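**Q** Please see the structure below; I have some questions.
The values are calculated or read from the model by the stated rules, or taken from the named source; none is laboratory data. Fair warning: this is a prediction, and the values are worked out from it, not measured in the lab. For neighbour counting, all protein chains shown are included, and Cβ atoms are generated from backbone atoms with ideal geometry for every residue, glycine included. Protein only, heavy atoms only, side chains kept; ligands, DNA and RNA dropped before computing areas. Shrake-Rupley method; radii C 1.70, N 1.55, O 1.52, S 1.80 Å.
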Amino acid sequence: MPILSVSGLSFSIGDHQILKNISFDVDEGEVIGLIGPNGSGKTTLFNVLSGFLKPISGTVHLRGKDITRAIPSKRAQMGIGRVFQNFGIFREMTLEENVLVALESLSKDQRGELGDLKEVVKGTLEMAGLTQFAKQKAGSLSGGQMRLLEMSRTFKTGKDLFLLDEPTAGVSPKMTHQISDLITGLKKSGKTALVIEHDLPFIGKICDKVIVLDVGEIVLHGKPSEVQKSKELQEIYFGADPTT
Amino acid sequence: MILPTVLGFNLVFGKGKILHFGQEAFAIVAAYSVWVAVVRYQIPFGIGLGLGLGLVVLVALLLAWLSFRLEADGFGVMSIALHLVFLAVVLNWQSVTRGSLGIPKIPRWELFQSLEAYTLLCILVVIVWVVFILWLDRGKFGRNLSALAEHPWHAQSLGINRKRIHTIAFIIAALGALTSNVLLPPYIHILTPNDYGFPAMILFVMIVVSGGPGRVWGVIAATFILMFLKEGIRFVALPPDMIGPVRLMLFGIILFVAVWWRRDSIFPQERKI
């Protein structure tokens with residue numbers, strides 16, 4: 001059984017249809033890249049999957065359970081973790097509090113599995129390499145550090161499926177490398193992720209499959225090596241086949 | 001004695017960043033339901049308190065529901081409207097509330113008849129309330145409320161249930177108003193609608209803004225300072241018709257200074273290249 005099953009999903013605002021009949025399955029342990037030009041509906045799809053937007057038709061199943069009408073916090077407690085395009089860090093809280101607030105929001109079972117929360121907080125900050133800033137307000141971190149903290153926090157909170165929206169946007173090449181390592185580590189531990197990215201080599205390096213969206217529809221679906229070679233992708237991204 | 005209601009309001013408006021201007025709606029419902037029942041209809045205090053508790057929780061649920069349905073600015077206006085509707089009811093339902101005459105002869109409990117004993121009781125209740133608010137503020141609830149205030153979507157995607165947390169915040173604000181308005185009328189032996197007008201709401205906003213929105217100790221300090229100024233001005237040798245305008249000018253200056261002092265957070269400077 002796939003961990004995530006999306007079937008016939010459509011979403012529109014007024015007359016403008018943003019997602020059109022989207023269907024795909026994600027198997028456990030897969031990392032799937034979601035690519036497409038700006039305005040193709042990638043982030044909207046994430047918003048529908050995480051419950052912030054309600055689809056006009058179609059269903060979303062998590063481990064066979066219909067979650068189409070579940071509220072965002074319920075979906076999070078069922079195991080969907082999300083990293084947003086803009087930094088999802090609470091700037092007025094310390095780094096410790098930023099991790100703690102996420103841990104405290106888990107269901108009782110999830111918290112029980114994690115054990116001592118103080119140790120998890122410590123482990124999360126170590127994972128992000130930010131232990132020395134534990135008591136500082138998160139607003140004092142650089143953009144890259146915020147991204148690392150957000151990702152480590154999401155990965156450490158016992159989720160099974162991660163929706164990562166442009167995790168390398170606006171970070172240095174060194175940080176991109178660290179983020180790539182984090183996602184690879186996630187994959188090794190058997191977790192599942194959907195990653196929105198414009199960085200095609202990055203997608204090729206970390207993903208098992210790629211889904212290409214254009215004007216709200218899935219236009220390509222396959223292995224990264226196959227998709228990257230396709231003429232359709234070149235046309236979608238560059239407007240024409242660059243070899244011609 | 002206004003501290004419980006101000007700290008409750010601070011939780012919603014200051015920490016939760018919800019544009020709620022209906023704190024006085026809670027206060028009116030709390031004060032009138034309890035004291036009309038007890039004084040006008042001779043209902044035992046315990047039952048009157050239960051009635052007040054039930055009604056303020058209902059108003060809290062109504063305001064919470066409206067806050068989920070409306071945009072922030074629309075909710076702000078609606079919460080003011082709700083306050084003014086309750087005030088209009090109190091002023092016009094004369095057979096029950098005695099309108100602008102208010103309800104006199106509000107009794108104190110037998111054990112606390114003397115002013116000293118009653119003051120001591122009030123201080124104890126307020127201390128318990130402050131400890132309760134500090135406990136909430138520094139715990140999981142406070143963190144959840146702050147997270148929702150800063151990034152509602154991010155907080156919800158971590159598993160924080162916005163409706164539950166905000167509803168609890170409104171209920172606590174309502175309980176704060178109930179606490180203040182159960183304590184104050186027996187202290188002065190009268191319940192009058194003049195104490196529940198819009199200027200009282202402005203005072204609450206001013207206290208929270210000058211104390212630092214969401215900061216418990218800051219708001220406590222601001223409550224003492226502003227109440228001291230508000231009441232202390234009575235003792236300044238001014239003609240009676242000057243006291244009101246002077247008080248308003250003083251509060252205006254304090255609000256201006258508070259906003260000026262916090263200008264970097266309220267009006268962050270635009271970065272230019």
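**Q** Please go through the stretch B:82-111 and pick out each residue that is surrounded by 14 or more Cβ atoms within 10 Å (Cβ to Cβ) and of a type in the set (G, A, S).
**A** Correct list: B:G102 only.
**Q** Among the numbered criteria (1) more than 19 Å from the chain's Cα centre (by Cα); (2) open to solvent by 50 Å² or more (accessible area, probe 1.4 Å), which one does B:I168 miss?
**A** For B:I168, the exception is condition (1).
**Q** Residues B:V59, B:V77: which one is without any contact (Cβ under 8 Å) to a residue 24 or more places away in the chain and either farther than 26 Å from B:C122 by Cα or buried (at least 21 other Cβ atoms within 10 Å of the Cβ) (or both)?
**A** Exactly one residue qualifies, and that residue is B:V77.
**Q** Residue by residue through the stretch A:64-86, note down the ones that are out of contact with any Gly (no Cβ under 7 Å at 6 or more places or on another chain) and either part of a loop (DSSP other than H, G, I, E, B) or of a type in the set (S, T, Y) (or both).
**A** Residues satisfying the conditions are A:G64, A:I67, A:T68, A:R69, A:M78, A:G79, A:F84, A:Q85, A:N86.
**Q** Sticking with this structure for a sec: Within the stretch B:187-209, count every residue that is open to solvent by less than 30 Å² (accessible area, probe 1.4 Å) and over 19 Å from B:W261 (Cα atoms).
**A** 7
For every residue, the table says whether it meets (1) surrounded by fewer than 20 Cβ atoms within 10 Å (Cβ to Cβ); (2) within 8 Å of another protein chain (Cβ to nearest Cβ); (3) more than 18 Å from A:L213 (Cα to Cα).
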residue: A:I35; (1), (2), (3): no, no, no
residue: A:G39; (1), (2), (3): yes, no, no
residue: A:L45; (1), (2), (3): no, no, no
residue: A:H61; (1), (2), (3): yes, no, yes
residue: A:A76; (1), (2), (3): no, yes, yes
residue: A:Q85; (1), (2), (3): yes, no, no
residue: A:R91; (1), (2), (3): yes, yes, yes
residue: A:L103; (1), (2), (3): no, no, yes
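**Q** If you don't mind, there's one more thing I want to ask. Quick check on B:R143: is it within 14 Å of chain A (Cβ to nearest Cβ) and either in contact with a His (Cβ under 9 Å, 6 or more places away or on another chain) or crowded, with 21+ Cβ neighbours inside 10 Å (or both)?
**A** It is true that B:R143 is within 14 Å of chain A (Cβ to nearest Cβ) and either in contact with a His (Cβ under 9 Å, 6 or more places away or on another chain) or crowded, with 21+ Cβ neighbours inside 10 Å (or both).
**Q** Could you tell me which of the residues A:Q228, A:Q234 is polar (S, T, N, Q), at pLDDT below 80 and under 29 Å from A:K188 (Cα atoms)?
**A** Just a single option satisfies the conditions, and that option is A:Q228.
**Q** Sticking with this one: Answer with yes or no whether B:F204 is touching a Ser or Thr at 6+ places or on another chain (Cβ under 8 Å) and in a helix (DSSP H, G or I).
**A** Yes, satisfied.
**Q** Here's something else I'd like to know. Take the stretch B:210-220 and flag every residue that is more than 13 Å from the chain's Cα centre (by Cα), buried (at least 21 other Cβ atoms within 10 Å of the Cβ) and closer than 14 Å to B:V12 by Cα.
**A** The answer is B:G214, B:V216.
**Q** Looking at A:V99, A:V171 in this structure, which one is touching a Lys or Arg at 6+ places or on another chain (Cβ under 7 Å) and in a loop (DSSP other than H, G, I, E, B)?
**A** One residue alone meets the criteria, A:V171.
**Q** Would it be correct to say that A:M146 is farther than 12 Å from A:T157 by Cα, in contact with a strand residue (DSSP E or B) (Cβ under 8 Å, 6 or more places away or on another chain) and either within 14 Å of chain B (Cβ to nearest Cβ) or buried (at least 21 other Cβ atoms within 10 Å of the Cβ) (or both)?
**A** no
**Q** Same structure again: Say we look at the stretch B:146-164 and pick out the residues that are aliphatic (A, V, I, L, M) and buried (at least 24 other Cβ atoms within 10 Å of the Cβ); which of these is farthest from B:K15 (Cα to Cα)?
**A** Restricting to residues being aliphatic (A, V, I, L, M) and buried (at least 24 other Cβ atoms within 10 Å of the Cβ), the top hit is B:L158.
**Q** Kindly list, by first and then second residue, each pair from a residue in the stretch B:239-256 that is over 17 Å from B:F198 (Cβ atoms) to a residue that is open to solvent by 80 Å² or more (accessible area, probe 1.4 Å) and part of a helix (DSSP H, G or I), limited to pairs with Cβ atoms under 8 Å and residues at least 6 apart or on different chains.
**A** As it stands, the answer is B:I243/B:R234, since those pairs meet every condition given.
**Q** Filter the stretch A:47-59 for residues that are under 16 Å from A:S23 (Cβ atoms) and crowded, with 17+ Cβ neighbours inside 10 Å; which is nearest to the other protein chains (Cβ to nearest Cβ)?
**A** The selected residue is A:L49.
**Q** Would you check which residues across the stretch B:151-180 are free of Cβ contacts under 8 Å to residues at least 12 places away in the same chain and facing another protein chain (nearest Cβ under 9 Å) and list them?
**A** Across the stretch B:151-180, the qualifying residues are B:H151, B:W153, B:H154, B:A155, B:Q156, B:S157, B:L158, B:G159, B:N161, B:R164.
**Q** Under 7 Å by Cβ, and 6 or more places apart or on different chains, what pairs join a residue from the stretch A:61-83 that is without any contact (Cβ under 8 Å) to a residue 12 or more places away in the chain with one that is assigned to a strand (DSSP E or B) and open to solvent by 10 Å² or more (accessible area, probe 1.4 Å)?
**A** Correct list of pairs: A:D66/A:T59.
**Q** From A:G139, A:G123, grab the single residue that is surrounded by fewer than 18 Cβ atoms within 10 Å (Cβ to Cβ) and within 14 Å of another protein chain (Cβ to nearest Cβ).
**A** Exactly one of A:G139, A:G123 is surrounded by fewer than 18 Cβ atoms within 10 Å (Cβ to Cβ) and within 14 Å of another protein chain (Cβ to nearest Cβ), namely A:G139.
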